[in-house]
1. What is the sum of charges, Lys and Arg at +1 and Asp and Glu at -1, for the other residues whose Cβ falls under 14 Å from the Cβ of Lys6?
2. Of the accessible area of the chain, with the probe set at 1.4 angstrom, what percent is carbon plus sulfur?
3. Which aspartates and glutamates, on any chain, are close to Lys6 with Cα under 18 Å apart, when same-chain ones fewer than 8 places away are left out?
4. Go through Lys104/Lys134; Lys4/Lys92; Lys104/Lys143 and tell me which ones have a Cα-Cα distance over 20 Å in this structure.
5. Beta carbons within 10 angstrom, averaged per residue: use that to sort the peptides 88-96, 116-124, highest first.
6. Based only on Cα atoms, what mean projected area does the convex hull of the stretch 96-155 have, in nm²?
7. About the Cα centre of the chain, how large is the charge dipole given +1 on each Lys and Arg Cβ and -1 on each Asp and Glu Cβ? Please answer in debye to the nearest 20.
8. Please name whichever of Ser130, Pro66, Leu120 sits farthest to the positive end of the charge dipole of the stretch 59-143, dipole taken about the Cα centre and charges placed at Cβ: Lys and Arg +1, Asp and Glu -1.
Amino acid sequence: IWDKVKTIQGELERREAYYHLAASLILSEILLLHQRRLHQRGGNFNPMHYVCQYIEENAAQEISLPSLAAMTGYSCDRFRHLFREITGVPPKKYIQMKRMEQAKKMLLNSQRSVSEIAGLCGFTNESQLSAAFKKQMGISPSKFRKGGGDMGGMKEVWN
C-alpha cells in the first residue's frame, strides 16, 4: 500500500496528462486492498464513511462524482442514491456544506481576506463564496465576520 501511496504522490507532483485519473485509480486500488484485508479479518469497511471523511479532508480540492463513486466501487447513479440515503443530502450539496463550514471557521479565526478564504475553501472566487454564503446564511461573509458569527437570530438555510 505504501508503494501505491508513493505512486500517487509521484502522479500529483509530475502532473502529466490525466494524472488525476491515474491517482484516482490507484486510490481505488488501495481501498480495494484495504477492504479485502478487512474482510479476511472479519472486519467491516464502510465505503460511504470513508468518502465522507475524504470530502471533509479535501473539500477545498476539486472533487468529482465519478472519483467518489470509484472510491466506493459503485456506479455514479448507485453512489449518488446511497450517499443521499445515508447523509440526507446529495454529494454536491455535502461538499458545498463542508466548504461553507471551512469558510465560516476561517472568517472567524483568521484575518485572511474573503477572497483568499474563497480560494482556500474551494470556491472559484470571492463572488461565488459571497453568493453561496448569502444564500445559506442570509448575510454576507463580511457581516458574518464582523458579527463574530452571530446572525441576529437568523438561521442557516439549506435548500
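The values are calculated or read from the model by the stated rules, or taken from the named source; none is laboratory data. Just so you know, these numbers come straight off a predicted model, no measurement behind them. Positions of Cβ are generated from backbone atoms using ideal geometry, with glycine treated the same way; all protein chains shown enter the neighbour counts. Protein only, heavy atoms only, side chains kept; ligands, DNA and RNA dropped before computing areas. Shrake-Rupley method; radii C 1.70, N 1.55, O 1.52, S 1.80 Å.
1. Values: positive: Lys4, Arg14; negative: Asp3, Glu11, Glu13, Glu29.
Combined, the nearby Lys, Arg, Asp and Glu give -2.
2. Details: 5130 of 10250 Å².
Within the chain, the accessible surface is 50 percent carbon and sulfur.
3. Cα-Cα hits under 18 Å: Glu16, Glu29.
4. On the way: Lys104/Lys134 12 Å; Lys4/Lys92 28 Å; Lys104/Lys143 11 Å.
Beyond 20 Å between Cα atoms: Lys4/Lys92.
5. Details: 88-96: 16.2, 116-124: 18.1.
Taking the mean over residues of other Cβ atoms within 10 Å, the ranking is 116-124, 88-96.
6. Details: hull surface 13.8 nm².
Quarter of the Cα hull surface area: 3.4 nm².
7. On the way: 23 positive and 15 negative charges, 84 e Å.
Computed charge dipole of the chain: roughly 400 debye.
8. My answer, from the dipole projection, is Ser130.
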